[in-house]
Structures are given as structure tokens and as C-alpha cells.
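So the structure is just underneath, and the comments pick up after that.
The values are calculated or read from the model by the stated rules, or taken from the named source; none is laboratory data. Remember, predicted model here, so these are calculated numbers, not experimental data. Please note: Cβ atoms are built from the backbone with ideal geometry, for glycine as well, and neighbour counts cover all protein chains shown.
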Amino acid sequence: MKGYVYPMFKGADPGKGWQMTDPIFGKVPTLGACMPNIRRVVTPGDYIFVISGQAEGVTQYVVGGFEVVEKINAMVAYKRFHGNRQRLLPDGSLRGNIIVDSDGKHSSVDYHNNFEKRVENYIVGKNPLVLDAPNEIVRARKETLDVISTIFKKTGRRVSDIIGRWRRLDDLQIGQMLDWMHSLK
């Protein structure tokens, strides 16, 4: 078993009202188009953890994580997870993490490059653990940097000083992350 942790893009902070589109931490968590490098290398039983992106006036925090169950292609995901199909809402915001249309072509509303590399390895998970209550987010913002510093035995002033774009975790580190996240619930 292995795991990966990565920060989302700048401004992607659910604690400040940003709507999560990928991953989706529903009853069945999924990771669709983002992080094709991680989606390619994970296998069932591995874990994926997500950290908020840099946002003005707040510190980054671990948003959530889940265990990988299977990898499927985007057309299978399109047929299985109707609610995760990418679409624009009336207010112009984007929802969904399945970037193909009914013909298997690139969704007209998707903004990702390298479509061909993003349609494989749609991740289906289980056991989502999400820090989404206001008190959980406050504590996670205060503790994330210290926790990841301890887990990776590396100090830094920012998340990117410790994990960069993404970082692999071993069994012990996955356990430490899960134990800490459970302590915030």
C-alpha cells in the first residue's frame, strides 16, 4: 500500500467557499481529470489525500482523502456516475469530473489540456474522510503544516516547501495522516 498527497491549484480552497469538482468526495469518492500522474500509478488499496490550494488570507489545509478501489476509463465513469458528468451551472460555475461527452469526445466545458492522457484511470474510491465542518477546517489550517512536517520529517514555511506538487506516502505515513484526520472529526 502506498499513498499520495497533493495540493490543489491556487484559489482552490473549499474552506473559503470554492466548490470541489475534482476530486469529488461523495458517498463514492472519485478523482477524474486532475493529477493524471497520480491516477496512473495508484492501485486498489492505495490512498489519495488532497490539500487546499493557496488562497489569500488563509493557510492551506488537508481537505480530505480516500482509499482507491478501482481505475476505470472515462466512458465507463460516464455511464456509471451520471452526477459526476462535467457541466456548467446557470451561474457559470463548473461541476463534475468526467470530461467526456456521450460519444467519448472531450467535453465542451472542460478546461484541461492533454485530453488523451486524462481519460484513462478515472479513480473510484471508498472510505472518504473529509474535513468540512467549520471547526475541523479551523483546526486543520492550524495543524496541517506541522503534521506534514512530522510525517515527511522535513520543515518548511509553506506546504510547497514540504511536498512540492505531490508526494508519495508509505504505510506508516498513511496511518499517521488518517489518525490525525480522524482526531479532527
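Considering the conditions (1) loosely packed, with under 13 Cβ neighbours inside 10 Å; (2) within 19 Å of the chain's Cα centre (by Cα), residue 153 is excluded by exactly one of them, (2). Here is the figure for segment 58-75: residues that are closer than 11 Å to residue 124 by Cα and at pLDDT 95 or above total 7.
The condition of being touching a strand residue (DSSP E or B) at 6+ places or on another chain (Cβ under 9 Å), in contact (Cβ under 8 Å) with a residue 24 or more places away in the chain and under 16 Å from residue 14 (Cα atoms) holds for residue 140.
The single residue among 85, 80, 118 that is touching a Ser or Thr at 6+ places or on another chain (Cβ under 9 Å) and either of a type outside the set (A, V, I, L, M, F, W, C) or surrounded by fewer than 16 Cβ atoms within 10 Å (Cβ to Cβ) (or both) turns out to be 85.
Could you check segment 1-24 and list, in sequence order, the residues that are within 19 Å of residue 118 (Cα to Cα) and either touching a residue at least 60 places away in the same chain (Cβ under 8 Å) or out of contact with any helix residue (DSSP H, G or I) (no Cβ under 8 Å at 6 or more places or on another chain) (or both)? Outline the logic, then answer.
Here is the first cut: in segment 1-24, the residues within 19 Å of residue 118 (Cα to Cα) are 4-9, 20-24.
The answer is 4, 5, 6, 7, 8, 9, 21, 22, 23, 24.
Suppose the filter is in a loop (DSSP other than H, G, I, E, B) and either more than 21 Å from residue 87 (Cβ to Cβ) or modelled with pLDDT of 95 or more (or both); does residue 15 pass it? No: the conditions fail for residue 15.
Put simply, of 90, 7, 29, 44 the only residue that is modelled with pLDDT of 95 or more, at negative phi and either in contact with a His (Cβ under 9 Å, 6 or more places away or on another chain) or surrounded by fewer than 20 Cβ atoms within 10 Å (Cβ to Cβ) (or both) is 44.
Checked against the criterion of being assigned to a helix (DSSP H, G or I) and under 17 Å from the mean Cα position of the chain (by Cα), the candidates 174, 162 yield just one match: 174. Against the list (1) buried (at least 16 other Cβ atoms within 10 Å of the Cβ); (2) of a type in the set (D, E, K, R); (3) more than 17 Å from the chain's Cα centre (by Cα), the condition residue 141 fails is (3).
So that you can scan it fast, the table gives a plain yes or no per residue for (1) closer than 21 Å to residue 70 by Cβ; (2) in contact with a Leu (Cβ under 6 Å, 6 or more places away or on another chain); (3) among the β-branched types (Val, Ile, Thr):
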position	(1), (2), (3)
97	yes, no, no
102	no, no, no
106	no, no, no
109	no, yes, yes
113	no, no, no
117	yes, no, no
120	yes, no, no
134	no, no, no
157	no, no, no
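For segment 51-74, the condition of being among the acidic types (Asp, Glu), surrounded by 12 or more Cβ atoms within 10 Å (Cβ to Cβ), out of contact with any strand residue (DSSP E or B) (no Cβ under 6 Å at 6 or more places or on another chain) and touching a residue at least 60 places away in the same chain (Cβ under 8 Å) holds for none of the residues.
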